[in-house]
1. For the stretch 487-501, which positions are open to solvent by less than 30 Å² (accessible area, probe 1.4 Å) and of a type in the set (A, V, I, L, M)?
2. If I ask for residues that are within 18 Å of residue 372 (Cβ to Cβ) and out of contact with any Cys (no Cβ under 7 Å at 6 or more places or on another chain), which ones from the stretch 341-359 would you list?
3. With respect to the numbered conditions (1) assigned to a helix (DSSP H, G or I); (2) under 25 Å from residue 95 (Cα atoms); (3) out of contact with any Ser or Thr (no Cβ under 7 Å at 6 or more places or on another chain); (4) open to solvent by 20 Å² or more (accessible area, probe 1.4 Å), which one is the sole condition not fulfilled by residue 218?
4. How about the stretch 1-38: which of its residues are surrounded by 13 or more Cβ atoms within 10 Å (Cβ to Cβ), among the acidic types (Asp, Glu) and under 33 Å from the mean Cα position of the chain (by Cα)?
5. Take the stretch 126-162 and flag every residue that is polar (S, T, N, Q) and either over 22 Å from residue 175 (Cα atoms) or open to solvent by 10 Å² or more (accessible area, probe 1.4 Å) (or both).
6. If you go through the stretch 227-254, how many residues are within 19 Å of the chain's Cα centre (by Cα) and assigned to a helix (DSSP H, G or I)?
7. How about the stretch 421-480: which of its residues are farther than 23 Å from residue 373 by Cβ, open to solvent by 50 Å² or more (accessible area, probe 1.4 Å) and polar (S, T, N, Q)?
8. Is it true that some residue in the stretch 288-299 is modelled with pLDDT of 95 or more, in contact with a helix residue (DSSP H, G or I) (Cβ under 6 Å, 6 or more places away or on another chain) and under 18 Å from residue 503 (Cβ atoms)?
Amino acid sequence: MDKVLETLKKYDRSTDGTIGVAEMKRIICALDTSDFWTEEKVRSVMKYAGADASGRIGLEQLCQSLEGSRSYEEVRQAIRDIMDSPGWDDGSYGPLLIRLAWHSSGTYSKADGSGGSNGATMRYSLEASDPENGGLKAAREYLEQVKVKFPWLSYSDLWVLAACVALEHTGGPKVPFRGGRVDAPESQAQKPGRLPGAEHGLEPGFELDEEGRLKGWEKTAQHIRDVFGRMGFSDKEAVALIAGGHVYGRCHTESSGYAGAWVENPTRFSNEYAADLVGDKWIAVEHDTKMPDGGPVPEEVRPAPGKRQYIDLSKYMPEEEEEAARQAPDATAFPPGRYRCASQWVNCRESPDVSSAIIGRFNQEEVLSLVAVKIFSTAVRGQTERGGWVSIVGSGGKNLFERIGGLDVKSLMGRYRAVASGGALYYSTPGGETTGRTKLNDEFCVSDIHIGAGGEILGKRADPGDGMGSWIMIFSPSSGLSAEMVIKGWNETPRKAILGQTGHQMMLVTDMCLLWDPGFREHVEVYAEDEELLKADFGKAFQRLTELGCAWSADKGAMSGIHHKMAASGCPVMGGN
């Protein structure tokens, strides 16, 4: 950075030792001829570095800021801050970011070292247009907000680091990250055909063998071996990468033609993919296939016309009768209070009814305040302080949450949003007369909490607005939740029902080949029984995948790391003088 500062000072034509947006844009665009660096983005970088209102910053301050910003932990935190989003798919961008790194890395060829993560060549239309990369434009665009904040970070490193953060954030393996990837020019973009094709090798039509396998599946299995073998992976590594990767996310007909998620919770690492692949029954479907009940393929897992996939038959199989009738739990054993999630994950629904829409999920070890508890047949349900209902004890008798204490005043202080249709009532004192009400969706800050003997919860408004200084009703046993607590990463904007949550699951033909091919199946069966082994093997394989072709990787071919270097003469600020 000292040399950068020295060069900037040498060609400085200002009278005060500062640089502005226009000059900075000329420098950057001379070094990076892509269309990425608009004036708005340069201005954003300058502002982050500490530029004044006019957009100018001292040369020394600029260099110090850029030098100090080279912290991967800061980048990690910036990625974590944007990871969860209630409005995106299943409530998280994590699966999409994992897929971006996987696909940008999966073009590698050990024969000549071309392709791979070192280059981020999916930025270019040739590679981005690969049908297997459908939908990944959203991931690339979503990460631009991080790229602008940390311009020193290459796209190649950003995409891989984002996936590493996503894996860790979702309970997956902690994959070691090493920076140093260099973005490549368009000439090194890979043409479509290097990534696995879901139906590659299948015979035309919809002919099945006696075991329900689509004709030609053997060629599809060989295609999987060819793709992973080109990168230097064994059968075991291929299964680990697929079983670990396909536990995340879902397919969309508008992107790939396929539809549905591989597992019930596609935002959390598990071995459910392997366990369900081996343990469940699967049926081949097309867009217009009739299901065993005579109805159409469920919309959640219905492929586009011309596409073929498999779906889980579990939803069409009658549930086994209970061996013995269970008695309803004792309600007094589950009073309102602080509860910790004891299951790998638990659905949060709009209402106590288990058929109501899913609005999110809570993961193991997360702690919630449950303000109300109700018994429904053999299940116990609790209403969370942030809205929605969870099962404390499931209908089958499994304990999903454990109580760790009573309601805690401190944990209930914070920001709230009025959710009662007429707004939340407020009072001069707890138990006093009503003096007004907020409007629906009004947000307010609470600096003190009162928990009444009857179970009502009121919060003292601390910020300006209707009822400032008054006690606002947050919850009462008679009217329910009047205001929900606003939790970062959960409901900064009101949560809505997550689409595609009917519980149907799907598998692509390439997934089914892991079950049908003996060489692949032996590894699937092991992972179906051992989640920790899958986690470890997937982590190792994913690190290797995302380092293929990098300068420090053992998997480096003749073309690895050879990127175009732009020649420059003179100072770009001064037009070469």
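The values are calculated or read from the model by the stated rules, or taken from the named source; none is laboratory data. Keep in mind that this is a model prediction, so the values were computed, not measured. Heads up, the Cβs are rebuilt from the backbone with ideal geometry, glycines too, and the neighbour counts pull from every protein chain shown. Protein only, heavy atoms only, side chains kept; ligands, DNA and RNA dropped before computing areas. Shrake-Rupley method; radii C 1.70, N 1.55, O 1.52, S 1.80 Å.
1. Within the stretch 487-501, 498 is the sole residue that qualifies.
2. Going through the stretch 341-359, the residues within 18 Å of residue 372 (Cβ to Cβ) turn out to be 341, 346-354, 356, 359.
The answer is 341, 346, 347, 348, 349, 350, 351, 352, 353, 354, 356.
3. Condition (2) is where residue 218 drops out.
4. The one that is surrounded by 13 or more Cβ atoms within 10 Å (Cβ to Cβ), among the acidic types (Asp, Glu) and under 33 Å from the mean Cα position of the chain (by Cα): 32.
5. Within the stretch 126-162, 129, 133, 145, 154 qualify.
6. Matching residues across the stretch 227-254 total 5.
7. 421, 428, 429, 434, 435, 441, 447
8. No, every residue in the stretch 288-299 fails to be modelled with pLDDT of 95 or more, in contact with a helix residue (DSSP H, G or I) (Cβ under 6 Å, 6 or more places away or on another chain) and under 18 Å from residue 503 (Cβ atoms).
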